[in-house]
Structure formats: C-alpha cells, structure tokens
Amino acid sequence: MSSAGEGLSRPLPEQVRLHVVELAAQVLGTMQAATIPPPLKGIAKFEPRKRARLGSAPIAAQLETDKEFREIVAEALQEAWPELVASLEEGNVPPAAEPVLVAAAAYLTRPPGWPELVETARADLEQAAAAAEGSAQEQTVVRLREQLAAQKLAAKEEADRLREQLKASRAEVADLRRRLHDARERGKAAEERAAELRVLEQEARAAVTSATSSTDSELRKLRERVTDAERQLEASRRAAREGRSIEEARVRVLLDTLQDAAAGLRSELALPVAISKPADSVSAVSPGRPSVRAVPARALADDDPVLLDQLLAIPHLHLIVDGYNVTKTGYPSLTLIDQRSRLLTGLGGLAVQTRVEVTCAFDGAELNGPVQVSAPRGVRVLFSAPGEIADDLIRQLVRAEPPGRAVAVVSSDREVADSVRRMGARPVPATLLLRRLGRA
C-alpha cells in the first residue's frame, strides 16, 4: 500500500500485502455486480489468476479506503479461518499460526491491538528472513571454503605440473643448445666444402668450355654422317620392301595361275577329286562346311550373345570390327585415344581366347598424319586413307577375302551391314561385341 494504514507506522509487509490482495481478488470474483466497488468493476472481469497480478494496486487501495469492501473480504477470511479470527478477537495469537496469515487476518478484521499484531508478524517475518539469509550465507561460506580448498589443490597441482614442465623445458633448451652448436660446426664445415667445390666448379667449367669449342666442329661432322647414313639406310629398306613385295606378288600370281590351270585341266579331263573309298559309295547326306551362312539367321536374334559365340567357333574366321562405330556405341564419354585403347585391349583378349583373325578398322580421313597405336598381339589395326572413310576400308577388306572364307563384320551401320551381307559376310551389331567383351 502506498501509505501507512490506520494505526500502522509502516506499510504492510510485502508478503502480507500479496496475501491480502490475493484473498480480495478471490472474493471479488464471487461478488454480485451491484456490490462490486466502482473502481474494481473492470478488474472483476479478469480471469482469477490475472486479478491479483494486474489489479494489485487498485485492490490494495480499495481495501485501505473502503471499509465495507474490507469487511466483505474479512468475512471470507473468517469463514476460512474461524478459530484464528476468534483467537485474535480475544487478543491471543495461536502459537502455530503463520505470521503472514496472522497479519492478514488482523489487518482485515481489525481486532483490538491489530497494529501490534501486524508489527509482531512483521518482526517474525524479518527474523525468519534474517535466519534464512544467515543460513544461506553460512552455506555460501561453506561452499566458498570448499571452492577455495579445491582451487588451492588445483593451484598446487598446476604449480607441480609447471615445475615439471620447466624442468623438461630446461633440459630441452640444453639439448637444443648442444644441437645448435653441432649444427653451427657442420655449417661451417659445409661452407668450407662449398668454397672448395666452387673453385673446382670454376676449373671444370673452364675445362668444359675449352673442350666444347674443340668438339663442336667434330660433333657437327658426326651428325652430318649419321644423317647421311640414316638416309641411305631408309632408302635401302624402301628398296628391299619394294623388291620383296614385287617378288611376292609375282610368286602369288604364278601360284594362282598354276592352281587355275590344274583346276581347269582336272575339269576338262573329268579327273576325280580323290581316290574313291568304299565308304564313299554309301548314299547319305554329307554335312555342310562351317560358314557364316550356316549360322541360323532366323533362330537367333541379332542381339543374341550366342550368335557371336557361334560365329567365333567357325574355323579360320576373319572378324572385321568397325572401330569408332563400336567405341562410340559403348564408350561415348571417353576421348578417341581412350576409346581405341579400351577396344583394342578387349579385342586382344578375344583374339587370344578364340584364335580368330581380328582386324580393327578406324576412320582416318580427318587425320593429318599416322596415329601411334600399340596393337595387341593377334589384332590388326588399320586406318582409312585420306579421302576415304572406314566404311570403304571395311568393304575392301571383305572384298579382298577369297570366296568361301568365313568373314564377320561388327558394325551397327545399316549401310555397312547391307553391303557386306551382299558380299557374303555376316554383319554383327556393335552391342553384341560389347556384351562379349564385357563378359570376358
């Protein structure tokens, strides 16, 4: 309350004031609208928990100035604590009564000597607060003493640790000083050795300079001789290759001529191919020779892995591969170098496994010069000539084979597949070879 109450030299203790306001707020909620003091009509509409908190000052002022409202609140207190109110009317304070409740009841009911009862409750509250504060201070002192003892122990341990570190640091410093001394001695010796080496280097450079001037002319002469020798060697090799190619072509033409003459003579004279044997007189159906045309076309799909396995099983098969058509189907994200390397590695393994003749043709029409390629064993690597594409090179390879030779061409190019099929070769999709290489 803002001023001393009637007969009070000081305001109510805070705990007593809060208790009186809370009790008045509860009573305010039960009063009829007509009996509610005008200053508190708005507060009476608040929720019970908000009345005491938001209307604390108006309720306390109304209790101080409105005797009728205070008596209504006192009646509620009397109903709740009849024995306490009766004792206070008789001038007796129950020994077990709480000081806050005694002061609140004395303030509201105003029995004889109520200011003394409020002051007595104030003294009890202050004494209890002082005792609680003293107990808290004692606990704080005990806690501070424990912390101080712990800090002293930690400080002692830290001091011991620092002493050990200092001892170790001193030993380390002594060791570093010794090492520094040794390093200085080695550095001094290294500088002396470097000075000697610099003198030797200057002498060696002078000797090299004098020797270089005398050997430059001789080196130029030797280089000219080597160049002439290489030029003569290359001319000799070219002549040997041309001569050997001509002689081989002549021998091959002569051999073909003799074979054709013998075949014509045998046909003209109606000579038997071989001596008849008794088993030859038996009538039966002879098996056909293995060929690419003997592999069933309708029984197997073009992407059936068994198709390529059957073709590779044909003796003396020549497998021609459209290089970039296969690599751009299987490894389009790699560079051309990596594509060629990966395909040729797989074809090398396939050639070793199946022992078939493998030729891989790449498109070289856009190349400015020959490409360095490391061909695996058993794999022939060819590039098309300038102005020619790989499709033309593949057709030339198929056309170069003798009639009846088993030839399979791996390419997904429809035009290439149709043309080699007309020439007697069996086309194979690129995906089929990629699956076979992946399986290997």
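The table that follows gives values for the structure above.
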| item | result |
| --- | --- |
| Environment charge at VAL100 (Cβ cut-off 13 Å; Lys +1, Arg +1, Asp -1, Glu -1) | -3 |
| At R0 = 30 Å, FRET efficiency that the Cβ-Cβ distance of ASP338 and THR215 yields, to 0.05 | 0.10 |
| Convex hull of Cα atoms in the range 1-88, direction-averaged projection (nm²) | 5.9 |
| Cβ-based net charge around ASP182, under 14 Å, with every Lys or Arg adding one and every Asp or Glu removing one | +4 |
| Segment ARG355-LEU265, extension gain: residue separation times 0.36 nm, minus the distance between their alpha carbons | 28.8 nm |
| Extent along principal axes [Cα atoms of the range 379-439; Å; largest to smallest] | 34, 29, 24 |
| FRET efficiency estimate (nearest 0.05) - Cβ-Cβ, GLU185 to GLU157, R0 30 angstrom | 0.10 |
| Residues in the range 104-130 reached by a label modelled at LEU18 [backbone nitrogen below 16 Å; 7 Å Cα→Cβ] | 104, 122, 125-126, 128-130 |
| Three-way shape call for the range 69-170 based on the alpha-carbon gyration tensor, with the a/c threshold at 1.5 | prolate |
| Cross-link reach list, lysines versus LYS167, counting only Cα pairs under 20 Å and skipping chain neighbours closer than eight places | LYS156 |
| Whole-Å distance, taken between Cα centres, linking the range 19-34 and the range 55-109 | 13 |
| Partners for LYS67 among lysines (Cα-Cα distance below 28 Å; same-chain residues under 8 apart left out) | LYS41, LYS45, LYS50 |
| Per residue value of the accessible surface for the range 35-135 (all protein chains in place, 1.4 Å probe), Å² | 56 |
| Approximate spin-label separation GLN232-VAL373, in nm, with each point projected 7 Å along Cα-to-Cβ | 3.7 |
| FRET efficiency estimate (nearest 0.05) - Cβ-Cβ, LEU144 to ALA33, R0 51 angstrom | 0.30 |
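The values are calculated or read from the model by the stated rules, or taken from the named source; none is laboratory data. Everything quoted here is computed from the prediction, not taken from an experiment. For neighbour counting, all protein chains shown are included, and Cβ atoms are generated from backbone atoms with ideal geometry for every residue, glycine included. Side chains are part of the model used for accessible areas, which takes the heavy atoms of the whole protein and leaves out ligands, DNA and RNA. Shrake-Rupley method; radii C 1.70, N 1.55, O 1.52, S 1.80 Å.
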